[in-house]
Amino acid sequence: MRNNLIPLFGAVFAVNFMFNDAVVFRFTNFECKSYNESWFVFHYYRLKAVSRDRVLLNVNGTILHPANDIQLRGKMFKKASGFKPWVLDSTVDGCRYMRKRYDPFLNIVFNIFKDFSNINHTCPFFGPQVVKDFYLRSERLALPFPSGEYMLALLWYFDKKRIFDTNVSFLYQEDLLRMT
């Protein structure tokens, strides 16, 4: 029975590899704003295009005081004559999430960027927070995604006060004609 499964898994892998080549999944813009620079400071943030299909994101910021009560509100927008609300608007307790990954949407987002960041521990958060050479990989998406341009707006609250926002715009385009 196991010998019969090997060709099946090989075929699934090959189809997945072909479809991943047919997907463009890259950053188009990144914006951030700190509302309280005595608590959080952005030192730099930058998108760097290294190829047509790969754009790297680098962000460096510092939390100046220990943060033990972090709320994260995520909103997803899809571009259609401007960005329109799409599918998601949820709030998550950031410290609780880092102890036990309970939110399915945040699981998808966190799994995409966790390898490129030092944001991987429980509260309190303090000091430098870095995302380095982060690029989007379609194989990390757990769900099918319609083609289009999207924006993920994340509003960060420390002790119930809005401290900073990050807006990440990205393109997800399936081009099945590129498979050949």
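The values are calculated or read from the model by the stated rules, or taken from the named source; none is laboratory data. Quantities reported herein were computed from a predicted structural model and do not represent experimental measurements. Heads up, the Cβs are rebuilt from the backbone with ideal geometry, glycines too, and the neighbour counts pull from every protein chain shown.
One line per residue, one yes/no per condition, for (1) assigned to a strand (DSSP E or B); (2) touching a residue at least 24 places away in the same chain (Cβ under 8 Å); (3) surrounded by 13 or more Cβ atoms within 10 Å (Cβ to Cβ); (4) of a type outside the set (S, T, Y):
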position: T28; (1), (2), (3), (4): yes, yes, yes, no
position: S51; (1), (2), (3), (4): no, no, no, no
position: L64; (1), (2), (3), (4): yes, yes, yes, yes
position: K78; (1), (2), (3), (4): yes, yes, yes, yes
position: V87; (1), (2), (3), (4): yes, no, no, yes
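Can you tell me which residue within segment 121-161, out of those that are within 21 Å of R73 (Cα to Cα) and in contact with a helix residue (DSSP H, G or I) (Cβ under 6 Å, 6 or more places away or on another chain), is modelled with the highest pLDDT?
Per the stated criteria, the residue is V131.
Which of the residues belonging to segment 100-159 are hydroxyl-bearing (S, T, Y), within 23 Å of D89 (Cβ to Cβ) and crowded, with 16+ Cβ neighbours inside 10 Å?
Across segment 100-159, the qualifying residues are Y150, Y157.
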